[in-house]
Number of protein chains: 2
Amino acid sequence: MTTSDADSHSGSAHHADAATFSASATKSDIYSTALDAAEALFSDTNFWPSNLANAASLMWYAFEALEMKVNWAGFYICSPDEPKSKLLLGPFMGKVACQSIVIGSGVCGTAAATRETQVVPDVEKYPGHIACDGETKSEVVVPLVDREGGVHGVLDVDCLVLDGFTEDDVKFLEKMAALIITFCKF
Amino acid sequence: MTTSDADSHSGSAHHADAATFSASATKSDIYSTALDAAEALFSDTNFWPSNLANAASLMWYAFEALEMKVNWAGFYICSPDEPKSKLLLGPFMGKVACQSIVIGSGVCGTAAATRETQVVPDVEKYPGHIACDGETKSEVVVPLVDREGGVHGVLDVDCLVLDGFTEDDVKFLEKMAALIITFCKF
């Protein structure tokens, strides 16, 4: 993006700097920086495609700075036409992914149906598992649930190693999901 | 994404394989493979966020296989509220980006206003240039224009080197934009 008048560009800093993390920072620092950046970005717009795209980028580069082997970070959104039964692919970082998922089945579909975070240390042991990427070994899916209990989609992160996510990683993802619910209009 | 019933998963192949290009393939082969994969994916759904997210991934990994120094590949979409005056950030691959752009100014805004592809060999020489990422040196922006001349957004690709895109690269991006217009409902 090159423009003389990006509405949300401020001062001499570049937006991309928000996804540039110090390799010497601690995990706590990196997650805190990513969440602060997300909140600052989201407060400019409630357009969910913009905010989920930037959130995917922040998660991706935070995990990269931490040398975690995350191979996919992104979102599935409840279908506008069939919000109770189908999730559709949203913004993400990583390789090409399945476009739609039935709510109630699989890791993403279960997170959406139960409104509970799913932590899967070994996707091969997940009942009826089929992956978008055969290299994925572990996964976390956090549902995007509003205060009234309505589900709007899921945040999905995949890793190339077994048991790739700690409790701290899951807490970070749940905080990111909470910011998304606070700032986005679905 | 791990699911027992991804609607669009077929056979034993994985969706991610569509973004895995052979490093020994020619540029022509890689672009042809990426466009074929895009058409196959897009024909499953007309939901623009899904298709633009997968298109960004295909472009990103095609450029990576070609060892091009592309640092951002994605989309801006006409604002649903102000479609004549504002572009909003859509799905992308790369670092965090500006959320909104005024139509008519900057490279993206000019592409949307003129309905013509903008090839910028040196972004520093572009009038009034402000970048989302200070490391970007060159850029191509292709408008997403339907048969009636309506603009729905732009495809935007940034590169870390000056004059980073050849005529063949631009043709590939214009073909991707044409597929998006054919298959997406905006």
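The values are calculated or read from the model by the stated rules, or taken from the named source; none is laboratory data. These figures come from a predicted structure and were not determined experimentally. Note that each Cβ is placed from the backbone with ideal geometry, even for glycine, and that neighbours are counted across all protein chains shown. Heavy atoms of the whole protein, side chains included, go into the accessibility calculation; ligands, DNA and RNA do not. Shrake-Rupley method; radii C 1.70, N 1.55, O 1.52, S 1.80 Å.
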Notebook entry, point to check: What's the number of the condition A:PHE75 fails, among (1) in a strand (DSSP E or B); (2) open to solvent by 30 Å² or more (accessible area, probe 1.4 Å)?
Noted result: (2)
Check: Quick one: is A:ALA65 small (Gly, Ala, Ser) and either within 11 Å of chain B (Cβ to nearest Cβ) or open to solvent by less than 40 Å² (accessible area, probe 1.4 Å) (or both)?
Finding: yes
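Residue-wise test of (1) closer than 25 Å to B:SER43 by Cα; (2) touching a helix residue (DSSP H, G or I) at 6+ places or on another chain (Cβ under 8 Å); (3) at pLDDT below 95.
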residue: A:PRO91; (1), (2), (3): yes, yes, no
residue: A:ASP133; (1), (2), (3): yes, yes, yes
residue: A:LEU144; (1), (2), (3): no, yes, no
residue: A:THR166; (1), (2), (3): no, no, no
residue: A:ALA177; (1), (2), (3): no, no, no
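Here is a yes/no grid of residues against (1) within 21 Å of B:PRO49 (Cβ to Cβ); (2) in contact with a Leu (Cβ under 7 Å, 6 or more places away or on another chain); (3) open to solvent by less than 10 Å² (accessible area, probe 1.4 Å); (4) not charged (D, E, K, R):
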position	(1), (2), (3), (4)
A:VAL96	yes, yes, yes, yes
A:ALA112	yes, yes, yes, yes
A:GLU116	no, no, no, no
A:PRO127	no, no, no, yes
A:VAL154	yes, yes, yes, yes
A:THR166	no, no, no, yes
A:GLU174	no, no, no, no
A:PHE183	yes, no, no, yes
Check: With respect to the numbered conditions (1) without any contact (Cβ under 8 Å) to a residue 60 or more places away in the chain; (2) among the hydroxyl-bearing types (Ser, Thr, Tyr); (3) in contact with a Ser or Thr (Cβ under 9 Å, 6 or more places away or on another chain), which one is the sole condition not fulfilled by B:THR20?
Finding: (3)
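Just need a number here: residues in segment A:160-175 that are part of a helix (DSSP H, G or I) and closer than 23 Å to A:ASP122 by Cα.
8
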Notebook entry, point to check: How about segment B:129-152: which of its residues are open to solvent by 10 Å² or more (accessible area, probe 1.4 Å) and under 14 Å from the mean Cα position of the chain (by Cα)?
Noted result: B:PRO143, B:VAL145, B:HIS152
Next item on the list: Return a yes/no flag: does segment A:39-54 have any residue that is part of a strand (DSSP E or B), crowded, with 20+ Cβ neighbours inside 10 Å, more than 8 Å from every other protein chain (Cβ to nearest Cβ) and touching a residue at least 60 places away in the same chain (Cβ under 8 Å).
Entry: no
Notebook entry, point to check: Right, B:PRO83: within 11 Å of chain A (Cβ to nearest Cβ), open to solvent by 40 Å² or more (accessible area, probe 1.4 Å) and either more than 26 Å from A:SER43 (Cα to Cα) or in a loop (DSSP other than H, G, I, E, B) (or both) or not?
Noted result: no
